Amino acid sequence: MIRLCRVVLVLSLAVVSSASAQTWPDRPIRVIVSIAAGSVTDVIMRAAVNELGPRLGQPLVIENKGGASGIPAAQACATSPPDGYTLCVIYHNTLSFNPLLFNHLPYDADKDFAPIARLFFLIEALAVTPALNVKTVADLKALAQAKPTALNYGTLGPGSAPELFLKWLNNQWSTGIVGVPYRGGGPIAQALAAGDIQVGNMGLGNFIPLAQSGKLELLALLADKRSALAPDVPTFAEAGLGYRWRGWWGLAAPRGTPRPVIDRVNAEFAKLFSEPAFVAFLDKQAVVAAPTSPEGFAAFVAEDRKAADALIRLANTPRADYRPE
């Protein structure tokens with residue numbers, strides 16, 4: 001009798017879930033973005049939700065939760081109801097780096113999320129403030145070695161991809177460039193332009209307007225080839241930097257979100273991120289559209305975590321206990 005009741009309860013919940021999915025969405029959808037307002041990803045997602053709101057029949061409302069390697073945003077996502085009204089814009093730290101770098105994370109990267117789609121890859125740029133009078137990576141290396149602790153570098157907090165690159169750079173160059181945490185690429189770009197920090201490595205789209213106005217200097221791009229947005233800037237390989245990796249952003253939902261909702265969101269985002277006009281917009285933001293299926297995203301993350309592990313080992317970064325800010 002007890003077993004029969006349990007079966008009836010499970011079937012009832014399934015029917016309710018199916019019915020809810022069929023009427024979804026009937027109210028605004030929250031979109032948690034794991035980085036500060038004004039950063040390239042934020043700009044892209046605001047453009048995306050403006051396009052997709054009318055297609056879904058309900059507004060998508062951005063909620064920025066930047067900083068701390070995306071951990072607060074991931075926690076907010078993981079603890080939200082799996083009802084289809086919370087979507088989560090996540091990135092490499094959320095699922096690839098953080099599980100390898102931190103003990104006691106407030107979320108489980110393997111169990112708390114339903115993957116929806118990878119959306120795009122970043123083209124990243126190494127940039128400096130013009131006050132340094134540095135024009136090449138070789139110039140920066142010479143200056144950093146001559147003054148090992150005189151330079152400050154913008155990161156997204158402990159364990160973030162920019163901080164890992166900094167550790168790798170310090171290991172390679174035998175320098176002591178100091179990391180300073182910010183909540184996004186936009187704030188890092190502004191800090192560089194103001195001279196509050198001297199070095200940064202973030203998505204190229206954060207830096208292009210300031211570089212064009214002479215407020216910062218681009219030294220190298222972390223990309224397979226040069227960008228039409230900065231054709232005179234060499235790639236990392238051309239500049240003699242052996243760092244190989246690609247930053248990415250994607251979309252997830254709290255685990256347990258109904259599969260029909262996952263499929264609908266995937267279809268809408270994948271379609272948008274494949275449309276020529278939106279791809280052209282992404283090109284101008286210095287990112288590469290790369291939408292996947294939910295299963296394709298999950299398989300990609302599994303491989304990306306292996307690559308993250310290799311980079312963490314190269315950067316000689318030990319695990320640490322996560323402590324909320």
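The values are calculated or read from the model by the stated rules, or taken from the named source; none is laboratory data. Not measured: the values here are computed from a predicted model. Heads up, the Cβs are rebuilt from the backbone with ideal geometry, glycines too, and the neighbour counts pull from every protein chain shown.
For the condition closer than 23 Å to Asp283 by Cα and at pLDDT below 95, what is the one hit in Ala14, Ala21, Ala48, Ala36?
It is Ala36.
Exactly one of these conditions fails for Gly250: (1) among the small types (Gly, Ala, Ser); (2) out of contact with any strand residue (DSSP E or B) (no Cβ under 8 Å at 6 or more places or on another chain); (3) in the same structural domain as Asp309 (by TED's automatic domain parsing). Give me its number.
(2)
Across the stretch 275-307, what is the total count of residues that are buried (at least 16 other Cβ atoms within 10 Å of the Cβ), out of contact with any strand residue (DSSP E or B) (no Cβ under 9 Å at 6 or more places or on another chain) and within 30 Å of Lys167 (Cβ to Cβ)?
1
Right, Ala310: modelled with pLDDT under 95 and crowded, with 19+ Cβ neighbours inside 10 Å or not? Talk me through it step by step, then tell me what you get.
Details: modelled with pLDDT under 95: yes; crowded, with 19+ Cβ neighbours inside 10 Å: no.
Considered against the rule, which asks whether it is modelled with pLDDT under 95 and crowded, with 19+ Cβ neighbours inside 10 Å, Ala310 comes out as no.
Please go through (1) touching a Leu at 6+ places or on another chain (Cβ under 8 Å); (2) closer than 30 Å to Glu217 by Cα; (3) at pLDDT 95 or above for Ile123 and return the number of the only condition it doesn't satisfy.
Ile123 satisfies every listed condition except (3).
Would you check if there is a residue in the stretch 238-249 being of a type in the set (Asp, Glu), within 21 Å of the chain's Cα centre (by Cα) and farther than 16 Å from Leu169 by Cβ?
Scanning the stretch 238-249, I find no residue that is of a type in the set (Asp, Glu), within 21 Å of the chain's Cα centre (by Cα) and farther than 16 Å from Leu169 by Cβ, so the answer is no.
Name every residue in the stretch 137-161 that is hydroxyl-bearing (Ser, Thr, Tyr) and surrounded by fewer than 15 Cβ atoms within 10 Å (Cβ to Cβ), in order of residue number.
Hit for the stretch 137-161 is Thr149, nothing else.
Among the residues of the stretch 40-82, how many are surrounded by fewer than 20 Cβ atoms within 10 Å (Cβ to Cβ), outside any helix (DSSP H, G or I) and of a type outside the set (Asp, Glu)?
9
For Ile208, work out the one condition from (1) in a helix (DSSP H, G or I); (2) in contact with a helix residue (DSSP H, G or I) (Cβ under 8 Å, 6 or more places away or on another chain); (3) surrounded by fewer than 23 Cβ atoms within 10 Å (Cβ to Cβ) it doesn't fulfil.
Failed condition: (2).
Looking at the structure I just gave you, is Leu95 modelled with pLDDT under 95, out of contact with any Pro (no Cβ under 7 Å at 6 or more places or on another chain) and under 23 Å from Leu204 (Cα atoms)?
Criteria not met by Leu95.
So Thr129 ticks every box in (1) surrounded by fewer than 24 Cβ atoms within 10 Å (Cβ to Cβ); (2) out of contact with any strand residue (DSSP E or B) (no Cβ under 8 Å at 6 or more places or on another chain) but one. Which box is left unticked?
For Thr129, the exception is condition (2).
Tell me, please, whether a residue that is part of a loop (DSSP other than H, G, I, E, B) and touching a residue at least 60 places away in the same chain (Cβ under 8 Å) can be found in the stretch 263-275.
Within the stretch 263-275, the subset part of a loop (DSSP other than H, G, I, E, B) is 273-275.
Now narrow it down to the ones that are touching a residue at least 60 places away in the same chain (Cβ under 8 Å): 273.
Looking through the stretch 263-275, at least one residue is part of a loop (DSSP other than H, G, I, E, B) and touching a residue at least 60 places away in the same chain (Cβ under 8 Å).
For the condition acidic (Asp, Glu), surrounded by 15 or more Cβ atoms within 10 Å (Cβ to Cβ) and over 26 Å from Leu119 (Cβ atoms), what is the one hit in Asp232, Asp196? If you could, list the steps in order and put the result at the bottom.
On the way: Asp232 fails: surrounded by 15 or more Cβ atoms within 10 Å (Cβ to Cβ).
None of the other options fit; the residue is Asp196.
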